[in-house]
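What follows draws every value from the coordinates through simple rules; no lab data is involved. All figures in this text were calculated on a predicted structure; none of them were measured in a lab. Glycine gets a Cβ as well: all are built from the backbone with ideal geometry, and neighbour counts include every protein chain shown.
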Amino acid sequence: MDIARIKQRMTLYEKLMRLDKPIGTLLLLWPTLWALWIVSGGRPGWMMTWIFCLGSLVMRSAGCIMNDLADRNFDAHVKRTRDRPLAAGLVSVREALWLAAVLTLAAFSLVLTLNLYAIGLSFVGLALAASYPFTKRFLSVPQAYLGVTFGFGIPMAFAAVSNTLPPLCWWLMLANFFWVLAYDTEYAMVDRDDDLRIGIRTSAILLGRYDVAAVMLSYAAMLAVFVFIGMKLQFGLYYYLGLLAAGCIMLYHYSLIRGRTREGCFKAFRHNNWVGGAVFAGIAANYVWR
């Protein structure tokens, strides 16, 4: 196989893993970092941070492949996804399975550096990631399932650092759950017409004309839970400034999604990186200048 052929395959594998679209990795990473900073009192250690950052990247890449394997027959009929390597027939199912297996093993090798509690939880996280792509066939709101799946870095972080899953862990999970409902509904609004045609179920379809209101209520619920967490932990001004910044970004998202255009909804979805980042900045600043 010549160099040009190898480069072509690597480019296709990169697209299959969505390395060219890092937003999913960031949306998975931010909640993990929230938990890691809080459970460690703002001092998680560079090795622990590195493990969770790299683990988020690898598992998100594996999850994208699992999703494309499950949806390959649907993706070909959706404008946004019809050029994906599997849907377009540029990568074989066998290649995708091998790549997903390699990435999953790589993620598990990272988990093996953690304690037994975290290792045990990793199997639950894998089961959630592997099963999520199929929920669109039978759940009216698969975004709710994704809310649990994309928040599983939170209990993993608590288990790895403290070897316990206290109530605080579940409050953070709840905050992230509402956030996922918001941004993944925005994402579903992009494909609503195509999903209706091919029979995929999403929150955008279920909610109908109440979709925008549901997104904003979910954002509000996320912020309310974070305010509660801040009060319980006696966080200071910088934490609430982070939440204020996140709230302002959410209001900007309203201006993007209220017209329900594909472009506006997709831009709002991708812009959620800044919501997660603002919350993390407030948490980190609280520990630096409390």
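Quick rundown of the values:
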| read-out | value |
| --- | --- |
| Spin-label model distance (nm) - V288 vs L251, 7 Å beyond Cα toward Cβ | 2.5 nm |
| Cα→Cβ-extended label distance, 7 Å offset, between W171 and T261, nm | 4.1 nm |
| Debye intensity ratio in log₁₀ form over the Cα atoms of the range 1-160, taken at each q of 0.19 Å⁻¹ | -1.21 |
| Whole-Hz ³J(HN,Hα) from phi, Karplus 6.51 cos²θ - 1.76 cosθ + 1.60, for the range 148-153, glycine and proline x | 6, 4, 7, x, 6, x |
| Separation of the R82 and R137 label points, Cα + 7 Å toward Cβ, nm | 2.4 nm |
| Rg(Cα) / (2.2 N^0.38 Å) computed for the range 17-56, rounded to two decimals | 1.23 |
| Mean projected area (nm²) of the alpha-carbon convex hull when the range 104-199 is viewed from all directions | 6.9 nm² |
| Radius of gyration, Dmax [the range 207-290; alpha carbons; angstrom] | 14.1, 45 |
| Partners for K136 among lysines (Cα-Cα distance below 29 Å; same-chain residues under 8 apart left out) | K15, K21, K79, K267 |
| Binned Cα-Cα distance frequencies in the range 64-139 - 10 Å width, integer % | 17, 41, 28, 12, 1 |
| Length added when fully stretched, R9-F228, from 0.36 nm per residue minus Cα-Cα | 74.0 nm |
| Hydrodynamic radius (Kirkwood) for the chain, which is based on Cα pairs only, to one decimal in Å | 19.6 Å |
| Three principal axis lengths of the range 68-227 [C-alpha, angstrom, descending] | 47, 42, 21 |
| For the range 139-217, size of Cβ-based charge dipole, Lys and Arg +1, Asp and Glu -1, in debye | 200 debye |
| The range 140-261: mean projected area of Cα convex hull, nm² | 8.2 nm² |
| Contour excess over end-to-end distance, with Cα ends at L97 and L19 and 0.36 nm allotted per residue | 26.4 nm |
